1. When all C-alpha to C-alpha distances in the range 32-71 are sorted into bins of 5 Å, what percent of pairs does each bin hold, rounded to whole numbers?
2. Scan the chain and report its longest stretch carrying no GluC sites (Glu not before Pro) that are both in a DSSP loop and have at most 16 other Cβ atoms within 10 Å.
3. Would you mind checking the tilt of helix 32-48 against the longest principal axis of the Cα atoms of the chain, expressed as 0 to 90 degrees and rounded to 10?
4. Counting only protein chains, not ligands or nucleic acids, how are Lys22, Lys71 ordered by accessible area (probe 1.4 Å), most first?
5. Express the Stokes-Einstein translational diffusion coefficient of the chain in µm² s⁻¹, to the nearest whole number, given a Kirkwood radius over alpha-carbon pairs, 37 °C and a viscosity of 0.692 mPa s.
6. Relative contact order, percent, of the chain when contacts are C-alpha pairs under 8 Å separated by at least 6 residues?
7. How much accessible area does Trp35 have with a 1.4 Å probe, in Å² rounded to the nearest 10?
Amino acid sequence: MSNEELKQKYGMFTDCWRLYKKYAVVEDKNNDEFWEQVVNESGAISKKYGECKLIVSLVLAVIDEFERAYKEMRKNAET
């Protein structure tokens, strides 16, 4: 793997970390606007890296974590 390829992969992980950091607290965000922003920013990150398999997998993992945290928060609120 070349240094340029390694830098690109580093950028993918870094951008996904920033996405996670920005939206990690899903409390009080039970609205369409929150999820629309997550989807829009995720799409932009994916496009930035040519929608390669790695970036799509990373972005989906971040979104899955948001959904898991949101469902857990809702479940805890109900009990």
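1. All Cα pairs considered, the percentages come to 6, 26, 29, 23, 12, 4, 0.
2. Values: sites that count: Glu27, Glu51.
The longest such stretch corresponds to 52-79.
3. With both axes taken from Cα atoms, the answer is about 10 degrees.
4. Values: Lys22 120, Lys71 140 Å².
Listed by decreasing accessible area, they come as Lys71, Lys22.
5. Working: Rh = 13.5 Å.
The diffusion coefficient I find is 244 µm²/s.
6. Numbers: 32 pairs, mean separation 30.3, N = 79.
Once normalised by length, the contact order is 38 percent.
7. Accessible area of Trp35: about 60 Å².
The values are calculated or read from the model by the stated rules, or taken from the named source; none is laboratory data. Just so it is clear, the structure is predicted and the values come from calculations on it, not from any experiment. So basically every Cβ, Gly included, is an ideal-geometry build from the backbone, and we count neighbours across all protein chains shown. Just the protein is used for accessible areas: all its heavy atoms, side chains included, with ligands, DNA and RNA removed. Shrake-Rupley method; radii C 1.70, N 1.55, O 1.52, S 1.80 Å.
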